[in-house]
Amino acid sequence: MSNDFTEYINRIGTDSVKWDSFEERYPGLDSKDCIPMWVADTDFKAPQEVIDAIVDKAKFGIYGYPRAKSDSFDKAVMNWIYKRHSWKLSKEWIVVTPGIVPAITYAIQALTQKGEGVIIQPPVYYPFRQVITKNKRRTVESPLIFDDKTNNYEMDFEDLERKVKEPNNKLLILCNPHNPMGRAWSEEDLRKLGELCLNNGVLVFSDEIHSDLIFKGYKHTPLGMLEEKMNQNIITAYAASKSFNLAGLQTSAIIIANDEIRKKYINQLEINCVGGVNFFGTIALEAAYNHGEQYLNELLEYVEANVDYAIDYAEKNLKGVRILKPQATYLVWIDFRGTGLSADEIDALVIEKAKIAVDLGRWFGKEGAGFLRFNFACHRSTLEKALGQLKSAIDTL
Ligand SMILES: Cc1ncc(COP(=O)(O)O)c(C=O)c1O
């Protein structure tokens, strides 16, 4: 079944965080005159097969407690991960959780103690830091470095080695592909990171939520598939929520090969009374994974064309603005430092003057100052309007 990404869908007034809840973060902006390109969901309908599966289930009319995990759920996850990344999962490794940020929280609670260090690699998806802090663990930063030779962010392995060797640091949260700049980490980088962690007793939580969203010429490598021994030291997280626009259904598949770690993790779910699953979330994931490949390919084509269009537009029209082409994800990391403005002035230019709601680079870590993260999983007309408003704002400088 073909999907129409060219259909414009008006989301205003649909109780969407992205379109209907500006007040908290962007005082003064409202949906009527602002373009939301922040929260990481898409402005596209889910695949028709997913909608049909949900409607069928809804029509049944009984919404009692669902089974926590079914054979068909496990099979859908195993088949999808094998088809996309050639990684053979075992059924018993799969644990269902209500989302990946909650899944990280349970890992922190189950497998680290208060005061212990959790390593992150900023600039990185900011809820990582929030859940570490909220759970009274210590955030340990090993910042990525921008390399002018590769024109991309790289891991700082010397720094990482120092951090994993500190005995109080117990967990590392990896973002692969990396949000915000859409880096699909290479096998070589992953192997180095995985070995450093394994050899120094640091567990890895590998958040692979964006792993379906890989652009032409790049590849996603699951950290856990590199070596069985390494996989015993890794928790991997997948969800259909980013690629198929199902975030509101709060369902994710957590892969834990190590029996002892999985036992502790499930015990933590019980402590937090996370027994059930979302009635519609599991069947939506199944339908997406079983039938969504064509949809995903078409989505990637549409988003990549958006990215290319914006890069070309910026080169011609947006002085001092550099768009880093992502290797993965529909999130685009844009460098505004060439405008000569301060980070505060850049934020004000884009949000207050151009009236585009975006994620501020500084939310991802201090290294993000001068950058902004845009979500390009939008209709082309939304992107064109945003770029036009950006040009008008920049032309006033
Ligand atoms: C890297 C990463 N992890 C997790 C999430 C959120 O996952 P969930 O909605 O399943 O908690 C996002 C959403 O943007 C993300 O980018």
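Output yes when any residue across the stretch 142-149 is of a type outside the set (A, V, I, L, M, F, W, C), touching a Pro at 6+ places or on another chain (Cβ under 8 Å), open to solvent by less than 30 Å² (accessible area, probe 1.4 Å) and under 24 Å from Ile334 (Cβ atoms), and no when none is. No - not one qualifying residue is present in the stretch 142-149. Counting only strands (runs of 3 or more DSSP E) that sit completely within the stretch 300-397, those holding 1 or more residues that are away from the ligand (no atom under 16 Å from the Cβ), under 22 Å from Glu154 (Cα atoms) and open to solvent by 20 Å² or more (accessible area, probe 1.4 Å) correspond to 322-324. Consider the stretch 1-18 and keep the residues that are within 16 Å of the ligand (Cβ to nearest atom) and open to solvent by less than 40 Å² (accessible area, probe 1.4 Å). The one that is nearest to Cys378 (Cα to Cα) is Lys18. Exactly one residue out of Val124, Val140 is within 16 Å of the ligand (Cβ to nearest atom) and either farther than 22 Å from Glu187 by Cα or out of contact with any His (no Cβ under 6 Å at 6 or more places or on another chain) (or both), and it is Val124.
Would you be able to say whether some residue in the stretch 164-174 is open to solvent by 40 Å² or more (accessible area, probe 1.4 Å) and free of Cβ contacts under 8 Å to residues at least 40 places away in the same chain? Yes; the residues of the stretch 164-174 include at least one that is open to solvent by 40 Å² or more (accessible area, probe 1.4 Å) and free of Cβ contacts under 8 Å to residues at least 40 places away in the same chain.
The number of residues in the stretch 226-271 being away from the ligand (no atom under 14 Å from the Cβ), in contact (Cβ under 8 Å) with a residue 40 or more places away in the chain and either surrounded by fewer than 21 Cβ atoms within 10 Å (Cβ to Cβ) or of a type in the set (Gly, Ala, Ser) (or both) comes to 8. In this structure, Leu193 does satisfy being surrounded by 24 or more Cβ atoms within 10 Å (Cβ to Cβ), more than 14 Å from the ligand (Cβ to nearest atom) and on the phi < 0 side of the Ramachandran plot. Remark: pairs (first residue in the stretch 99-113, hydrophobic (A, V, I, L, M, F, W, C); second residue in a loop (DSSP other than H, G, I, E, B) and within 7 Å of the ligand (Cβ to nearest atom); Cβ separation under 8 Å; 6+ apart in sequence or on different chains) = Ile100/Ile209; Ile100/Ala239.
Within the stretch 252-292, can you find the residues that are of a type in the set (Val, Ile, Thr) and either within 20 Å of Leu174 (Cα to Cα) or touching an Asp or Glu at 6+ places or on another chain (Cβ under 7 Å) (or both)? If the condition is that a residue be of a type in the set (Val, Ile, Thr) and either within 20 Å of Leu174 (Cα to Cα) or touching an Asp or Glu at 6+ places or on another chain (Cβ under 7 Å) (or both), then Ile254, Ile255, Ile256, Ile261 are the ones that fit.
All conditions in (1) over 17 Å from the mean Cα position of the chain (by Cα); (2) β-branched (Val, Ile, Thr); (3) open to solvent by 10 Å² or more (accessible area, probe 1.4 Å) hold for Ile209, with the sole exception of (1). Inside the stretch 68-118, residues that are within 16 Å of the ligand (Cβ to nearest atom), over 14 Å from Leu285 (Cβ atoms) and outside any helix (DSSP H, G or I) make up a count of 1. Checking each residue of the stretch 54-75 against the condition of being surrounded by 19 or more Cβ atoms within 10 Å (Cβ to Cβ) and touching a Ser or Thr at 6+ places or on another chain (Cβ under 9 Å) gives at least one match.
Taking the stated definitions as given, is Pro36 farther than 14 Å from Tyr289 by Cβ and within 16 Å of the ligand (Cβ to nearest atom)? When the stated conditions are applied, Pro36 passes them. Out of the stretch 17-60, which residues are in contact with a Gly (Cβ under 9 Å, 6 or more places away or on another chain) and of a type in the set (Gly, Ala, Ser)? Scanning the stretch 17-60 gives Ser31, Ala46. Listed conditions (1) within 23 Å of Ser342 (Cα to Cα); (2) modelled with pLDDT of 95 or more are all met by Leu324, apart from (2).
The values are calculated or read from the model by the stated rules, or taken from the named source; none is laboratory data. Everything numeric here is computed off the predicted structure, so don't read it as measured data. As a convention, Cβ positions derive from the backbone with ideal geometry for all residues, glycine included, and neighbour counts pool all protein chains shown. For the accessible areas, the whole protein counts, side chains as well, though only heavy atoms, and no ligand, DNA or RNA atoms are used. Shrake-Rupley method; radii C 1.70, N 1.55, O 1.52, S 1.80 Å.
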